[in-house]
Amino acid sequence: MRSARAAIRAGIVIGLCGALLVGCGSGDEPEGDRASGSKGTTGTKEPSGAEGTTGPSGGPSAGTSGDGPTGSAGSAGSEGGGKGGTASGEPGGTAAPDDTPAPDTTPTPDFVADPALVPKNRADALTLARAVITRPTEYGRGYGKGTPYESDPGDWNVLDTSCNWQREGLPRTVLASFTRRGQLPASGAKGLVRISSTVTVHRTTSQADWEMAETLEEALRCPDQRLGGSERVQQLMSLGSAFGQSANLTADDSLMERGEFIDESGGGAPTHYAWNQSRLGTVTVSVVVKGGKGHTPLELTTAQIQAMTSMVNRLKNALGGTQ
């Protein structure tokens, strides 16, 4: 299963490192069942023009290790314990390399959830999601509730084969998926900013991991996507980072997606679009921002980071564990 996951990453990561100014991630395909449907990213790009939720893909990458080349030991050197023997007794040769395996230097996550606090049913999953989800004021000054404000936790979004986002019921692999929307109203020369956060709780870590992998694949499969109504995104690129890669020191896995947002009812001029998503164990959290005219990528990214940071911190507190 490692090769399948690596293939997804390889097809997406090549050429994106420089474009997104970050390093390249890698990971393993998770075990267990895949979510049903084309894929539903946790309330992310929401259809019907209401708003799309977000969010930075796969599990931690496996470290490389291996034995040194095999071969017969060289003949002993001069008396006194010298190590200058030649390989296979041939004069002028070099000593055979040590067969000791190289140490695994792959960073490992510094947080492990308390199993007793990981949700096992839909009620507990929704309680966790509501406790973790972003409050509108956490996006920054001037942000308030979006419309509609909260999603049905029994549904999530699925990108169909025509690259259109549709709302569907949760697959059996997902316990809850909850989205809350915010917005920064238009003011003067600056347009409306739409932003939302999503918390999705899976039954197993491997199923949450697979959601991250599919999210990466979506930008490759559908670089242009219809969100619903007059809203769409285009020229999407995505990149994932396992823990310890590309400055990801907060989650088991993270991904980012960047592109352009277009509201055809507002003139159709492209604006900043970004989606970040992180995974801790069985839970993914994500934030998507659809920028308005006159807002810089820096200020929109700041709002996104504030929302992600608050959710990851609350999620760690809710799941207890060690760090």
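The values are calculated or read from the model by the stated rules, or taken from the named source; none is laboratory data. Since this is a predicted model, take the numbers as computed values, not measurements. Side chains included, ligands, DNA and RNA excluded: accessible areas come from the protein's heavy atoms. Shrake-Rupley method; radii C 1.70, N 1.55, O 1.52, S 1.80 Å.
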> Of the cross-linked pairs Lys293/Lys316; Lys145/Lys293; Lys120/Lys145, which ones have a Cα-Cα span greater than 25 Å in the structure shown?
Replying inline: Lys293/Lys316; Lys120/Lys145
>> I'd like the accessible area for Ser197: 1.4 Å probe, protein heavy atoms, all chains in place, Å² to the nearest 10.
In response: 0 Å²
>> If amide hydrogens are placed 1.01 Å from N in the peptide plane, which non-local residues have theirs closer than 5 Å to the one on Gly281?
In response: Asp252
> Taking the range 140-281, how much of its Cα-Cα pair set, in percent, is spaced more than 23 angstrom apart?
Replying inline: 41 percent
> Quick one: what Rg and Dmax do you get for the range 267-308 from the alpha carbons, in Å?
Replying inline: 12.3, 42
>> Can you bin every Cα-Cα distance in the range 158-198 into 10 Å intervals starting at zero and give me the percent of pairs per bin, rounded to whole numbers?
In response: 21, 34, 30, 13, 2
> Taking Rh as the Kirkwood radius, which is the inverse of the mean 1/r over Cα pairs, what is the Rg/Rh value for the range 254-323?
Replying inline: 1.10
>> From the convex hull of the Cα coordinates of the range 114-217, what is the mean projected area in square nanometres?
In response: 8.4 nm²
